[in-house]
Structure formats: structure tokens, C-alpha cells
Amino acid sequence: MGKRITVPFGSQHVALPEPVRFVFQTENEKIVDVDVDVGYVHRGIEKACMTKFKYLQVGYVVARVCGLCAISHTLGYVTAVERLMKVEVPKKALYLRLIVSELDRIHSHLLAMGHTAEVAGYENLFMQTFRYRELVMEILELLTGNRVQFDFAAPGGVNRDLTREVEIEIRRKLKELKEHCLWLKDVYENDFSLSLRWKGIGVVTPEMATEMNVVGPPARAAGLATDARAEFNYLPFEEVGFKLITLEGGSIYERNLLRALEVLNSIEMVENALEGLPEGEIKVSVKGVPEGEYFVRVEAPRGELFYYIKASKKMVLDRLRIRVPTFANIPVMKELFIGMDYADVPATVISFDPCLSCTAR
């Protein structure tokens, strides 16, 4: 039996963009025990939405839960309000929401893929991926007015229409982005050294994924066919070519390859949505006050996102509850570390694309 050494990983670490803390117990570089602390950033956003803001303002507040998933959080909330108040959202607004949602997925996936490459030592792949990510951020800025934190969706529709000039520029940039993402897919599928470094590391089995409620790309990379876009009818995904992609293997390699494949499907969906964009209004007026309770499930880039609201004919909500995908994935991450080499920890953690800004909201 080797000497046991305590190794802290986070809450400040070069490989962690988020304040999560893992404390590993290791013997000869093998992890034998781990403790997790996710409670570093509590901002009281849920409480603020139940005390300080009217229900029509809450969508803008929850967008601040996470910069990368801003549209998903707003979308979850406004969809719950609209369903509860029986608001008929214009078809054009639903298409525009879908376009921004999928562009945000591309943006988030490319960040995750690039960061995983960086912590595994593939500096060139990291730089190339972030270079391509700039394109989708430029597209988001054209459409919403901002690169990351955009207040696009609102109760009743969206806040900004798509002009013909912007649409032409988006199509041009999407075509360029698609070529780059096809190259990324080729790298993930055929680069020998990359697959040697990632294949078989941090494996989530289908049984683990099911028992521990794994969500998002880590679940689909383990062969679990779960995606709120296919299971909950909140946007017209079936009309624009959505594909539920799954892989077998469940390791770092499959999680990144799956994201590369989903990025290509998202580009295809955005192109199809632009092609079939309906005419008409982009927003209807929402009047009155909500009464009752409702919950929705939306597919954020990191996985399934739950929004629950409760109201009793007041301008301020009685209850707002958010369940984010990273919180669902932390238990399986902890399970994976036992028996793993410490050197594989950074790439394993980042391959889950954790967001503690969401988790400790």
C-alpha cells in the first residue's frame, strides 16, 4: 500500500473555469477517494426573482444565471409563463428562438471542445476551436446585439427581428463555420494521438448514466437516448431536421466527438430554419397575472434544464425553482474518479463541461 496524499483540485485551478472544489485522496497517483464542494458562488437569483422582480422581468434576470446558457434559461422561464397563461406565441418567434438556441449550443459546444483539448495538452486544437467559435459569436451579435449575454426571448415572443441583410450575412458565416466544423469532426474521428489520449478514459456506462441521472452530451455519449428537444415540445425542432445523436463508449473521446456531431446538426437546423422562416409578428402582448404552477424541460447545451414556477394572481412569483444539468452530472463525475490516474482528472472534468455559475445560482 502506497502513501496516501491529499491533492486539492480547485476551487482555483488553471484547468477549471468554474469554482468547484474536488479534494482527492491518492495512492501512487491513483485516486482512492474524493470529496466535492460546489457551494462557492451563491448569488440568490431564485430568491430575487420571488421578491424583487415582477414576473415579466424575471426572464431577464434568469438570463444572468449563466452567460453561455443565457437563451436556455430565458427560454425555460418564458415557456413556463406562456404555457401557464395560455399565450399563443407567433410561429416566427418560435423559429427565431430556435435559431438563437442552436447557435448558442454551437457556441457552448465549441468552447467545451476547445477547453478539453487545452487541458489535455492539444494547444493547437484549442486555438483552432476557439478561432472557429468567434464566427458563431459574431453571428449571435448580428442577430441579438450581443456576443454572449443576450436578452432575446421574452414572454410572448422575441425582442428583435431578423432583417434581410443580417440573414444574408448569417448564411455566409454559417457556410464558413460548417467547413471548419467538418474539419474538427475529421480530427476527432481520425487523429490517432488524440484518440489514444482520450479513448477509454472517464467511461460512463449506460447503466451509470441511467442510475445516476446523467444528462446532456455525457449521457448521449454513453448511449442514452435522452434529449429534451425530442421529448418536450417547446420549439419546432422536428420541422428543421433535428437528430437525436448517440454514441457508444462513454469516454472523454465520445463526449467530444458527440459535441462535434451535434454542432453540425445545429448548423443544419439553423440553415433550415432560416430557409423556412415564417412571416408575421415576432411578439404578442402578455397581459394579466399568472395563476397556478407549471414546469418545463428544455435542452441547454450542457443537458436537460428544468424550470418550475408557481404563481397566485400576483405580479411577483410565489416560487421559482431551477434544476441545472451540471448539478445532475456531478454524482457520476465523483464516481468516475475512483481508481483513475490523477493526470486524467482535468480532461475528465472539462469533458463534462461543468457550469458552477448555473449550479450555485
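The values are calculated or read from the model by the stated rules, or taken from the named source; none is laboratory data. Keep in mind that this is a model prediction, so the values were computed, not measured. Reconstructed Cβ throughout: ideal geometry from the backbone, glycine too, with neighbour counts over all protein chains shown. Just the protein is used for accessible areas: all its heavy atoms, side chains included, with ligands, DNA and RNA removed. Shrake-Rupley method; radii C 1.70, N 1.55, O 1.52, S 1.80 Å.
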Only one of Arg220, Arg255 is charged (D, E, K, R), open to solvent by less than 40 Å² (accessible area, probe 1.4 Å), closer than 18 Å to Glu118 by Cα and assigned to a helix (DSSP H, G or I), namely Arg255
Members of region 215-246 that are touching a Leu at 6+ places or on another chain (Cβ under 7 Å), in contact (Cβ under 8 Å) with a residue 24 or more places away in the chain and among the aliphatic types (A, V, I, L, M)
Ala221, Leu235, Val240, Ile245
Does any residue of region 266-288 turn out to be under 25 Å from Lys92 (Cα atoms), under 15 Å from the mean Cα position of the chain (by Cα), open to solvent by less than 10 Å² (accessible area, probe 1.4 Å) and of a type in the set (S, T, N, Q)?
yes
Out of all the residues in region 310-328, is one or more open to solvent by 30 Å² or more (accessible area, probe 1.4 Å), touching an Asp or Glu at 6+ places or on another chain (Cβ under 8 Å) and either within 27 Å of Arg171 (Cβ to Cβ) or aromatic (Phe, Trp, Tyr) (or both)?
no
Scan region 43-65 and tell me whether some residue there is among the small types (Gly, Ala, Ser) and buried (at least 20 other Cβ atoms within 10 Å of the Cβ).
yes
Scope region 221-268; condition touching a Gly at 6+ places or on another chain (Cβ under 7 Å), among the hydroxyl-bearing types (Ser, Thr, Tyr) and modelled with pLDDT under 95; matching residues
Ser251
Could you please give the count of residues in region 65-94 that are at pLDDT below 90, more than 24 Å from Thr163 (Cα to Cα) and in contact with an Asp or Glu (Cβ under 8 Å, 6 or more places away or on another chain)?
2
Please enumerate the residues belonging to region 303-326 that are closer than 18 Å to Ala153 by Cβ and either in a loop (DSSP other than H, G, I, E, B) or polar (S, T, N, Q) (or both).
Leu317, Val324
Of the residues Val296, Val215, which single one is part of a strand (DSSP E or B), in contact with a strand residue (DSSP E or B) (Cβ under 6 Å, 6 or more places away or on another chain) and surrounded by 18 or more Cβ atoms within 10 Å (Cβ to Cβ)?
Val296
Quickly run through region 238-252 and pick out the residues that are part of a loop (DSSP other than H, G, I, E, B), of a type outside the set (Phe, Trp, Tyr) and open to solvent by 10 Å² or more (accessible area, probe 1.4 Å).
Gly241, Lys243, Leu244, Ile245, Thr246, Leu247, Glu248, Gly249
What residue, among those in region 325-335 that are among the hydrophobic types (A, V, I, L, M, F, W, C) and out of contact with any Ser or Thr (no Cβ under 6 Å at 6 or more places or on another chain), is modelled with the highest pLDDT?
Val332
Kindly indicate which of Tyr188, Tyr234, Tyr132 is open to solvent by less than 50 Å² (accessible area, probe 1.4 Å) and more than 20 Å from Leu264 (Cα to Cα).
Tyr234
Filter region 66-78 for residues that are surrounded by 24 or more Cβ atoms within 10 Å (Cβ to Cβ) and touching a Leu at 6+ places or on another chain (Cβ under 9 Å); the one that is farthest from Val316 (Cα to Cα) is Cys69
